[in-house]
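The values are calculated or read from the model by the stated rules, or taken from the named source; none is laboratory data. Since this is a predicted model, take the numbers as computed values, not measurements. Neighbour counts are summed over all protein chains in view; Cβ atoms, including those assigned to glycine, are modelled from backbone coordinates with ideal geometry. Only protein heavy atoms, including side chains, enter the accessible area calculation; ligands, DNA and RNA are left aside. Shrake-Rupley method; radii C 1.70, N 1.55, O 1.52, S 1.80 Å.
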Amino acid sequence: QAQLVESGGGLVQAGGSLGLTCTVSGLIFNANAMGWYRQAPGKQRELVATIFSGGITNYADSVKGRFTISRDNAKKTVYLQMNSLKPEDTGAYYCNTVNGLRYTWGQGTQVTVSS
């Protein structure tokens, strides 16, 4: 069973920064495109950033220029550096694969941005 464990969330003021970490086990990490998803209250989970196995990245328009996704294949870890945070970035952040079938979702890490 794959396990996805997110950490690094917290409460920050608008304009601040947070770095999120996702540690992965139980899958061949290097072969997977990985993404960060977020879910705000009352909304569906949305994909905000993707990093493919070769390092190519893609971002939702809402976070482009502010968020940076990266991965360390040796550590089986995905990172999301979030800068210039806005209140609308508030939500639970999750990591998961992007290609193929999604694995069981982790607990997520809560990001709250105050205005």
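Take every Cα pair under 8 Å whose residues are at least 6 apart in sequence, average their separation, divide by the length of the chain, and the relative contact order is 37 percent. Looking at the chain, the accessible area is 51 square angstrom per residue; that uses a 1.4 Å probe and ignores ligands, DNA and RNA. On the beta carbon distance between Ala74 and Leu101, with R0 = 25 Å, the FRET formula returns roughly 0.50. For segment 34-107, the tally of Lys pairs with Cα-Cα distances below 25 Å comes to 4, considering only residues 8 or more apart or on different chains.
Spin-label pair Ser84-Lys64: with each label point 7 Å from Cα along the Cα-Cβ axis, the two points sit 1.3 nm from one another.
Each of Gln44 and Ser115 was given a label point 7 Å from its Cα along the Cα-to-Cβ line. The distance between the two points is 2.7 nm.
Taking only Cα atoms and a 10 Å spring cutoff, compute GNM fluctuations for the chain and point out the largest among Asp61, Asp72, Asp89. Answer for the Gaussian network model of the chain: Asp61. For the chain, give the percent of accessible area contributed by carbon and sulfur heavy atoms, probe 1.4 Å, rounded to a whole number. So the carbon and sulfur contribution to the accessible surface is 50 percent. With 0.36 nm allotted per residue and the present C-alpha distance subtracted, the Ala31-Thr57 stretch has 7.9 nm of extension available.
Expressed to the nearest 5 percent, the antiparallel share of DSSP beta bridges inside the chain is 90 percent.
Show Trp36, Trp105 ordered by accessible area, largest first, where the area counts protein heavy atoms only and the probe is 1.4 Å.
The most accessible residue leads, giving Trp105, Trp36.
What separates the Cα centres of segment 7-32 and segment 46-74 is a distance of 11 Å. For the chain, a Gaussian network of Cα nodes joined below 10 Å ranks Gln81, Gln44, Gln13 by mean-square fluctuation, and the top entry is Gln44.
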